[in-house]
Amino acid sequence: MIAIGIGLHNLGEGPAVGSAYAVGELPLGAALVVGFALHNTTEGLAIVAALAHRRPSLIRLLGPGC
């Protein structure tokens, strides 16, 4: 359900960037890409934090190879 919600929420981002580039507004398209990237990063962190049952240790964050 979360993935469907995020997918629907982000559905307009692609056409917004594409239409900015299509009409030749490259600076606007680049600004939208950066803005959407920041927005999606913080959104993803908020979702992961809400789903985490416990605070991960530093070793767990570094991965299984450590």
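Throughout, read-outs are computed from the coordinates displayed, never taken from laboratory work. Bear in mind the structure is a predicted one, so any value in this text is a computation, not a measurement. Here the Cβ positions follow ideal geometry from the backbone for every residue, glycine too, while neighbour counts run over all protein chains shown.
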(message) Being of a type in the set (A, V, I, L, M), under 12 Å from the mean Cα position of the chain (by Cα) and in a helix (DSSP H, G or I) is true for just one of ALA50, ALA30, ALA46. Which residue is that?
(response) ALA46
(request) Give me a count of the residues in segment 24-33 that are free of Cβ contacts under 8 Å to residues at least 12 places away in the same chain and surrounded by 10 or more Cβ atoms within 10 Å (Cβ to Cβ). (result) 5
(request) For segment 1-13, name all the residues that are assigned to a helix (DSSP H, G or I), free of Cβ contacts under 8 Å to residues at least 40 places away in the same chain and touching a helix residue (DSSP H, G or I) at 6+ places or on another chain (Cβ under 9 Å). (result) HIS9, GLU13
